[in-house]
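Q: Pasting in a structure now, in structure tokens, and then I'll have a few things to ask.
Derivation of every value follows stated rules applied to the coordinates shown; laboratory data play no part. What you are looking at is a predicted structure, and each value in this text was computed from that prediction instead of being measured. Ideal geometry is used to build each Cβ from the backbone, glycine not excepted, and the neighbour counts take in all protein chains shown.
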Amino acid sequence: MINCLIIEDEHGAQEVLQNYIDKTPFVNCLGVYESGLDIRLEKLKEVDFMFLDIQLPELNGLSFLKTLINPPKVIVTTAYPDYAVDAFEENVLDYLVKPFSYERFFKAITRVRNQIKITNNEIDKQLFLYADKTIYKITIDDILYLKAEVDYVKVITKEKSILLLDSLHNWEKKLYDYNFVRTHRSYIVNFEKIDKVSGNLVYIADEKIPVGKTYKEEFLKKMKYIR
């Protein structure tokens, strides 16, 4: 989920943006403002990007943008195409000329989403795991595989093994956007770390990990191999 603000003084344009946002499952609007002067700086720190009109009361949208030291990403929404060069000089990500379609809106926010993913990718991969009264820092790429042990999950990296009070189901959800695959009711493996597959066994760093009947079809679909 990515968070945004709308800075727009026309009520009709506000409604269009809010309707488009409501149709988009990965965008959440934290507020609508008629002027940049109405926004607290703390609020700006909570958002990933903002929709910014140019013709605003009291302070032009681009002038407001220039006052910000570390602004969120910006999509300009305006009825005037003439300001595009000035806007892109301020590093806006997109420039929407009213009226614009949902398709054009979606293209713009997808660009924002992709930029945010690139920016946050390394941070998102960092994990701090609490076990044995110790906080361990690892990255998702460090994980070789995970193993369920009754009410615990063992996270295995090349350097260490960390036993956590958790469920494999929870970890399956946490790792959904990464290249991990469930091979067995007791195992999730990092697909990038697989050395070979032989019969119903996956080999990772000299460990043999079973492939269960329930998970074998999905596991094989994920594999791309040449006979």
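Q: Net charge around residue 195, counting only other residues with Cβ within less than 13 Å of its Cβ (Lys, Arg = +1; Asp, Glu = -1)?
A: +1
Q: In terms of the ratio Rg/(2.2 N^0.38 Å) built on C-alpha atoms, what value belongs to region 116-227?
A: It is 1.08.
Q: Alpha carbons only, please: Rg and Dmax for the chain, in angstrom.
A: 23.6, 71
Q: I would also like to ask the following. What list of ³J(HN,Hα) couplings, whole Hz, do you get for region 98-111 from phi and the Karplus terms 6.51, -1.76, 1.60, once you set θ to phi - 60° and write x for glycine and proline?
A: Using θ = phi - 60°, the values come out as 5, x, 10, 7, 5, 4, 5, 4, 5, 4, 5, 6, 5, 4 Hz.
Q: How would you classify region 1-44 from its alpha-carbon gyration tensor, with a ≥ b ≥ c the square roots of the eigenvalues: rounded for a/c under 1.5, else prolate if a/b is greater than b/c, otherwise oblate?
A: Oblate shape, in that a/c is at least 1.5 and b/c is the bigger or equal ratio.
Q: Shifting gears a bit: Could you tally the net charge around residue 169, taking each other residue with its Cβ under 11 Å from the Cβ of residue 169, Lys/Arg +1 and Asp/Glu -1?
A: Residues near residue 169 contribute +2 overall.
Q: On to the next question. Could you state the angle between the C-alpha long axis of helix 11-22 and the longest principal axis of the C-alpha atoms of the chain, as a value from 0 to 90 degrees rounded to the nearest 10?
A: Helix 11-22 and the main axis of the chain meet at about 10 degrees.
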